[in-house]
Amino acid sequence: MSALMSPDEIRSPATRGQVAAWGLWDWGSAAFNAVILTFVFGPYLTKAVGDDLPGGISASTWLGWALGIAGFLIAVLAPVTGQRADAGGHRKLSLGVFTGLTVLATVGLFAVKDDYHYLWIGLVLLGAGSIFIEFAGVSYNAMLRQVSTPHNIGRVSAFGWSLGYFGGIVLLLVCYVGFIKDDALFGVSTDGGLNFRVVALFAAVWFAVFALPVLFKVPEVKGIPADRRPSFLQAYRKLFRDIRDLYRSDRHTVFFLGASALFRDGLAGVFTFGAVLAVNVYGFTAASVLIFGVAANVVSALGALTAGRFDDRTGPKTVIVVSLVGMLVAGTVLLFVSGSMMFWIFGLFLCLFVGPAQSSSRTFLARLSPVGQEGQMFGLYATTGRAVSFLAPALFGLFSFLFSSDRAGTIGILLVLLAGLLAILPVRRPVDTAT
């Protein structure tokens, strides 16, 4: 785990084993993103643990505030965290530490029983886990150029995203069949939410196991001499200087960061409110929502894999633009149709474009990033994304309130996606795109 890689060597081809090891981290991270936050433990926390919470504030509102605080901390700290990992030559160490902390936070969720007195433990751990996994993701994304070349970076990025989706598929199915459904295979008791708490332990082990290969197979980058590394406060001054200089030297990178923040918030809104819409508007049951989530991951993964080849041929900007247009079309249709069958058809059609947009957004920035500064750039990527992360939820709530309809909330998400599309149109393509 101590091998070093110079900036020049980043451009050399990685072995298939290194690419596979890197992608397995994405596969493992589905344990937190898909299982803990989205489909299993997050709903358990708000619907079961906080169901009888006293007072006028719901458990869902508390969860939103907890994740909002976590988002603020990510926005403030992520760029400097990535910058210091680059400078110190411990990008891989940073990935390992923050992945480990995410796993520990997930293990801690086993203590959250089906009682509102345990809600606060769950909120703190979910908030902490979301911070740690975001910091880990900064270093992980920064390693993309270490396992790819300009000629295959789109396919490698898509490979990672698709593994993340497929990991979510497998893990969700195991959790549903083994722990969640009425006649669950492993027969874990439901008293005190034990079956959900065991899912948290299973997810933690899953993430830990599949995060190990990248730590052993992918070489570390070289840092700068210790006497030239900035202190924590100096890192912030350097950050602001770099943003100023980046704007002066390459405004298109700054414009891309702004545009991607918008459409990535729209993508997050699709996942955040998709299940709400499925149940409240299109007649889905709780079980059918989980099955739809599995299907959505399959479609998104296939979309990401297919688009990866187009990314390498035509560039990431084309893939992003086409994906956003496709999502806007599908989302507009969903505004006017009803019934579960229509949601299955057009909801999955929309998901077909989610994976390509996410994957190509990552390759776009990786192509733009100066060699040796990928961690800082992906820290900025995380920060800009968090800076506008309130938009989709706020607009969803606004339109739902104005029209007294959850369906109308879709308009808010579509507006954010449209803003992201309009913002990226004038952004210049990365100069090292292989065509």
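The figures follow:
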quantity	calculated
Subset tally (residues that are under 13 Å from residue 130 (Cα atoms) and out of contact with any Leu (no Cβ under 7 Å at 6 or more places or on another chain)) for the stretch 12-35	3
Enumeration of residues in the stretch 335-363 that are open to solvent by less than 20 Å² (accessible area, probe 1.4 Å) and within 26 Å of residue 261 (Cβ to Cβ)	347, 350, 351, 354, 355, 356, 357, 359, 360, 361, 362, 363
Boolean, residue 237 is open to solvent by 60 Å² or more (accessible area, probe 1.4 Å) and at pLDDT 75 or above	yes
Of all residues making up the stretch 117-136, the number that are in contact (Cβ under 8 Å) with a residue 12 or more places away in the chain, open to solvent by 60 Å² or more (accessible area, probe 1.4 Å) and among the aromatic types (Phe, Trp, Tyr)	1
The stretch 66-103, residues that are modelled with pLDDT of 80 or more, farther than 12 Å from residue 130 by Cα and out of contact with any Phe, Trp or Tyr (no Cβ under 8 Å at 6 or more places or on another chain)	91, 92, 93, 96, 97, 100
Among residues of the stretch 50-77, those that are open to solvent by less than 60 Å² (accessible area, probe 1.4 Å), assigned to a helix (DSSP H, G or I) and among the small types (Gly, Ala, Ser), counted	7
Pick from the stretch 310-334, criterion hydrophobic (A, V, I, L, M, F, W, C) and touching a Leu at 6+ places or on another chain (Cβ under 8 Å), ranking: most open to solvent (accessible area, probe 1.4 Å)	325
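The values are calculated or read from the model by the stated rules, or taken from the named source; none is laboratory data. Treat the numbers as computed from the prediction; the structure is a model and nothing was measured. As a convention, Cβ positions derive from the backbone with ideal geometry for all residues, glycine included, and neighbour counts pool all protein chains shown. SASA here: full protein model, heavy atoms, side chains in, ligands and nucleic acids out. Shrake-Rupley method; radii C 1.70, N 1.55, O 1.52, S 1.80 Å.
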